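Data block below; observations after.
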Amino acid sequence: MSVQDEIKRLTAPDIRARKGGEPIVSLTSYHAHTARLVDKYCDVILVGDSLGMVMHGLETTVPVTLDMMILQGLAVMRGSKHALVVVDMPFGSYEASREQAFMSAARVMKETGCGAIKVEGGRRMAETIAFLVERGVPVMGHIGLTPQSINTIGSFRAQGRSEADWAPIEDDARAVTDAGAFSVVIEAVAEPLARRLTELVAIPTIGIGGSVACDGQILVLEDMLGLSPRVPRFVKRYGDLGPSIEAAVAAYAKDVRARAFPGPEHAYPMRSKGK
Ligand code: KIV
């Protein structure tokens, strides 16, 4: 028997059971302090490979490594205690074979303690998803725009904007569902298609540039806080932290240059004699 506290985190089956129910609230987080804030309000925290672009200034997510994901996944687990934490599998860590995917996913789960992983791809990943799920790895799918494929698709363009393009994306949604994924992210697809996919599959759809009809929504935290210099059309800015951070940094720099900081209240006086 474990002597640990009762587990209070949401699990992949809890999220799976939310199909058609109260919308699933999800945001990305890559570090402990933001995880603590986000955890109060979110059902799912995604440690997305978008951390390559947001934290490291990379042009795409392609160079992100498993070690980067594990380090930030661990930080997010330390900062949160309620939400299901899902860690993205980065490009090159799962596509070669089902066995490679299992070894990478097992490493992520053992080393971070996260509750699930996410892989990009529909039909092409179905066999792998089934292999992982059968072996105890809860998998979130990701279809529509799959940013790790940027070098084959050419640009981060919305998908399914003409009805002729819908069939393969519908097949992708069916494939990840049949393979046993507990939910699926639908990124940057035409609104009616996202609605259709949500009706089509028995697992919750989590939209990012999808439709309000999806079973849940996700955004990249820094995008919705106004910290990212360029954001896609689907981002609503709920905050404008960039200017406040800059104003705080400018005030600090001014104080340091004027020797106005630190003041006596920030310095350690000597102990009075006899104490
Ligand atoms: O990496 C990420 O942040 C993601 C979201 C865009 C869903 O995959």
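Filtering the range 253-275 to residues that are outside any loop (DSSP other than H, G, I, E, B) and either among the aliphatic types (A, V, I, L, M) or open to solvent by less than 90 Å² (accessible area, probe 1.4 Å) (or both) leaves ALA253, ASP255, VAL256. Pairs meeting the criteria (first residue in the range 204-229 and at positive phi, second residue within 12 Å of the ligand (Cβ to nearest atom) and of a type outside the set (S, T, N, Q), beta carbons under 7 Å, at least 6 apart or on different chains) are GLY209/GLU187; GLY209/ALA188; GLY209/PRO232; GLY209/PHE234. Among the residues of the range 33-62, those that are without any contact (Cβ under 8 Å) to a residue 12 or more places away in the chain and not in a loop (DSSP other than H, G, I, E, B) comprise LEU37, MET53.
From the set of residues in the range 227-252 that are among the aliphatic types (A, V, I, L, M) and within 12 Å of the ligand (Cβ to nearest atom), which is least open to solvent (accessible area, probe 1.4 Å)?
VAL235
Identify the residue in the range 70-129 that is of a type in the set (Phe, Trp, Tyr) and more than 23 Å from LEU10 (Cα to Cα) and, among all such residues, is farthest from the ligand (Cβ to nearest atom).
As a first pass, look at the range 70-129 and keep what is of a type in the set (Phe, Trp, Tyr): 91, 94, 102.
Then drop every residue that is not more than 23 Å from LEU10 (Cα to Cα), which leaves 91, 94.
Numbers: PHE91: 11, TYR94: 14 Å.
Ranking the candidates gives TYR94 first.
None of THR152, THR128 is surrounded by fewer than 21 Cβ atoms within 10 Å (Cβ to Cβ), among the β-branched types (Val, Ile, Thr) and under 22 Å from ALA96 (Cα atoms) except THR152.
For the range 199-226, a residue qualifies if it is of a type in the set (S, T, N, Q) and surrounded by fewer than 24 Cβ atoms within 10 Å (Cβ to Cβ), and the qualifying residues are SER211, GLN217.
The values are calculated or read from the model by the stated rules, or taken from the named source; none is laboratory data. Predicted model only: the values in this text are computed from it and were never measured. Cβ: placed from backbone, ideal geometry, glycine included. Neighbour counts: every protein chain shown. The protein model used for the area step is the full one, side chains on, heavy atoms only, and it has no ligands, DNA or RNA in it. Shrake-Rupley method; radii C 1.70, N 1.55, O 1.52, S 1.80 Å.
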